[in-house]
Amino acid sequence: MTRDPLTADEIECALRELDGWTGDEHTLRRTVTCPSFMDAIRLVGQVAAAAEELDHHPDIDIRFREVTFGCSTHTANGVTAYDVELAGRIDTLVTED
């Protein structure tokens, strides 16, 4: 896997496979509403562990029960295959919760 930016068509194709994500050439985004604040914090912890495993980290914004994830590769100044993989891992964690 390379850290080369994906094309708009590649991103559009990837978004069809991801649940609840939007995005463009700059970033992929998803907001999740958790049942409680503590559930939101638990989800963030799970995503942090997955991000460490992948050595690729999302931007995370927590607003009470809502957690917004942003995936982009800063060194590539855009979205790469690493961001799509991380978004997929986040989807799995959200589904498991």
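The values are calculated or read from the model by the stated rules, or taken from the named source; none is laboratory data. Just so we're clear, the structure is a prediction, and the values are computed from it rather than from any experiment. Using ideal geometry, Cβ is built from the backbone for each residue, glycine included, and neighbour counts are taken over all protein chains shown. Ligands, DNA and RNA are stripped out before the accessible areas are found, and what is left, the full protein with its side chains, is counted by its heavy atoms. Shrake-Rupley method; radii C 1.70, N 1.55, O 1.52, S 1.80 Å.
Just to verify a result, which residue in region 73-92, among those that are outside any helix (DSSP H, G or I) and in contact with a helix residue (DSSP H, G or I) (Cβ under 7 Å, 6 or more places away or on another chain), is farthest from GLU25 (Cα to Cα)? My answer is THR73.
In the condition set (1) acidic (Asp, Glu); (2) open to solvent by 70 Å² or more (accessible area, probe 1.4 Å); (3) more than 11 Å from the chain's Cα centre (by Cα), ASP61 is compliant with all but (2). Residues of region 23-52 that are open to solvent by 80 Å² or more (accessible area, probe 1.4 Å) and either of a type in the set (Phe, Trp, Tyr) or farther than 13 Å from VAL67 by Cα (or both): GLU25, HIS26, PHE37, GLU52. The criterion of at least 2 residues that are over 17 Å from ARG89 (Cβ atoms) and without any contact (Cβ under 8 Å) to a residue 60 or more places away in the chain is met, among strands (runs of 3 or more DSSP E) falling completely within region 1-72, by 59-63. Looking only at residues of region 77-89 that are β-branched (Val, Ile, Thr) and touching a Pro at 6+ places or on another chain (Cβ under 7 Å), we find that the one that is surrounded by the fewest Cβ atoms within 10 Å (Cβ to Cβ) is THR80. Which one is most open to solvent (accessible area, probe 1.4 Å) among residues in region 64-76 that are modelled with pLDDT of 95 or more and over 21 Å from CYS13 (Cα atoms)? Across region 64-76, the extreme among qualifying residues is PHE64.
Residues considered: VAL79, VAL44, VAL84. Of these, the only one that is among the aliphatic types (A, V, I, L, M) and within 18 Å of GLU96 (Cβ to Cβ) is VAL44.
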